[in-house]
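The values are calculated or read from the model by the stated rules, or taken from the named source; none is laboratory data. A quick note: this is a predicted structure, and the numbers were derived from the prediction, not measured. Cβ placement follows ideal geometry from the backbone for every residue including glycine, while neighbour counts extend to all protein chains displayed. The accessibility values were calculated without ligands, DNA or RNA, using every heavy atom of the protein model including side chains. Shrake-Rupley method; radii C 1.70, N 1.55, O 1.52, S 1.80 Å.
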Amino acid sequence: MPDEEIQTLDRPAGGDAPSRPATGAAGAAAARTAAATPQATAQPTWLGPVLIVGIVLAALNLRPAITSLGALFEETRTGLGMSGTVAGLITSVPALCFAVFGVTAPRLSRRFGPAAVVCAGMAAVATGLLIRPFATGAVGFLAASALSLAGIALTNVLLPVIVKRYFPDRVGTMIGLYSMSLAAGTSLAAAATVPLTDALGGSWRTGLLVWAVLALLAVLPWLPVARASRRADRAGSTAGPVTPGAGPRVVRSRTAWALACYFGLQATGAYITMGWLPQIFRDAGVSASTAGVLLAVTMVMGVPLAFVIPGLAARMKNQGAIAVTLGVFGLVGYVGLYFAPAAGAWAWALLLGISNCAFPLVITLIGLRAKSPAGVVKLSAFAQSTGYLISIPGPLLIGTLYQHSGGWDLPLALMAGLLVPQIALGVLAGRDRTIEDECGMGD
């Protein structure tokens, strides 16, 4: 596409001002782009800092509802008298909810604005986490969990949109902060739930309830942000909600499909790792406590790298090299698990932790592969919803192969094999183009 229309997203404000006015069609396109840029909107001085706090708190709450339950799943299952089938259903619910409810995010964002929907999403997370420890049966527990997961799904989709809209000159930095906070929340809930439960009396209900406090805190900064956003909408601000029907038709974009499938395969790998990595180590002779620490190491790797990778990706025109590098780390990790799972356990845990940082990369790509807030909303919803649907069968398939083959050779071969198309899709998604250009909206 013409140089005048290339949007650089991680450049300091004003850093890409032309030395002379653009003329002709390129000048008109640049004028339209400038008019549509949220950065041009006057904002209250408090909005930026409050938004940063809100993004960090929201991201911290995007996984504790899942990983805190994982830490106490056996106690919860016994306490509620769940059958094996119901327990299996609950483990599959997160990805399903992310897919189903994530699809509604663009419509809700157009109607109420992304900040208001994120605020409501955090309220749903807190409400579900407050209710589910008091459930007396599996149905009530599942319903409360689904409410929290619906809020997480909406926030998953719209946080990249918030970043694109309010921090257009710092996309890489802000996505890095968001991804780092998400990884920290994941690791914190996995590591701290059992000790907190023991310290608070040993009840699994109390251990799950404590995470509602963090979710309630996350609602607070979004209340004034949502009010400010609504006032801007009523004033006719360009930062208001996207008009109905705006934005490209993402299903026509090859890049959108590459992003969705890349998202799905990286999510598959992440869920398999979270669900099965400790068992792989334990079957190799590693103690249960050490296997848990190894999983924590894998998860913790995402904290620093989730901050570094988005900033690096935003400074590059083509991010395919990052996707290849992350995939190669994963391949080496799986090969190591195949041949020497116990002897090199710490190395394989580190390598797989690096490979799992494909998540912050794909979230960054969602912001980079669309020009407008409308495009980011649609691309984020499409990539995440489609991706989570793709990820649902993976952990179940690995479990079935493990059960019927009697070992980890075949499952590990499949896990390594899935990284090959993931790398290829990452290269496609990392190309320097936007979905608007591919859908004929680049002019």
Quick check on the range 270-303: of everything there that is open to solvent by 50 Å² or more (accessible area, probe 1.4 Å) and under 16 Å from the mean Cα position of the chain (by Cα), which residue is nearest to Gly394 (Cα to Cα)?
Met274
Just a yes or no: is a residue in the range 428-435 in contact with a Pro (Cβ under 9 Å, 6 or more places away or on another chain) and part of a helix (DSSP H, G or I)?
yes
Please name all residue pairs, on different chains or six or more residues apart, with Cβ atoms under 9 Å, provided the first residue is in the range 409-426 and is closer than 19 Å to Thr325 by Cα and the second residue is open to solvent by less than 50 Å² (accessible area, probe 1.4 Å) and not in a helix (DSSP H, G or I).
Gly426/Gln319
Only one of (1) in contact with a Phe, Trp or Tyr (Cβ under 8 Å, 6 or more places away or on another chain); (2) in a helix (DSSP H, G or I); (3) over 18 Å from Gly430 (Cα atoms) fails for Gly292. Which number is that?
(1)
Criterion first (surrounded by fewer than 20 Cβ atoms within 10 Å (Cβ to Cβ) and either among the acidic types (Asp, Glu) or more than 22 Å from the chain's Cα centre (by Cα) (or both)) does Leu397 satisfy it?
yes
From Arg110, Arg132, residue being surrounded by 19 or more Cβ atoms within 10 Å (Cβ to Cβ) and closer than 24 Å to Ala71 by Cβ:
Arg132
Is it true that some residue in the range 77-84 is surrounded by 24 or more Cβ atoms within 10 Å (Cβ to Cβ), modelled with pLDDT of 85 or more and polar (S, T, N, Q)?
no
Can you pull out every residue in the range 208-230 that is among the aliphatic types (A, V, I, L, M) and over 24 Å from Ala192 (Cα atoms)?
Leu223, Val225, Ala226, Ala228
Suppose the filter is β-branched (Val, Ile, Thr), farther than 20 Å from Val251 by Cα, buried (at least 18 other Cβ atoms within 10 Å of the Cβ) and at pLDDT below 90; does Ile423 pass it?
no
Counting just the residues of the range 313-364 that are free of Cβ contacts under 8 Å to residues at least 60 places away in the same chain, assigned to a helix (DSSP H, G or I) and open to solvent by less than 60 Å² (accessible area, probe 1.4 Å), which one comes out farthest from Leu158 (Cα to Cα)?
Gly336
When you check Ala226 against the structure, is it modelled with pLDDT of 90 or more, open to solvent by less than 10 Å² (accessible area, probe 1.4 Å) and under 22 Å from the mean Cα position of the chain (by Cα), yes or no?
no
Looking only at residues in the range 187-218 that are buried (at least 24 other Cβ atoms within 10 Å of the Cβ) and either of a type in the set (Val, Ile, Thr) or under 23 Å from the mean Cα position of the chain (by Cα) (or both), which one is nearest to Thr364 (Cα to Cα)?
Ala218
Would you call Leu259 open to solvent by less than 40 Å² (accessible area, probe 1.4 Å) and over 17 Å from Thr386 (Cα atoms)?
no
Using beta carbons and a limit of 9 Å, which pairs, at least six apart or on different chains, have the first residue in the range 99-112 and aliphatic (A, V, I, L, M) and the second one open to solvent by 80 Å² or more (accessible area, probe 1.4 Å)?
Ala99/Leu389; Val100/Leu389
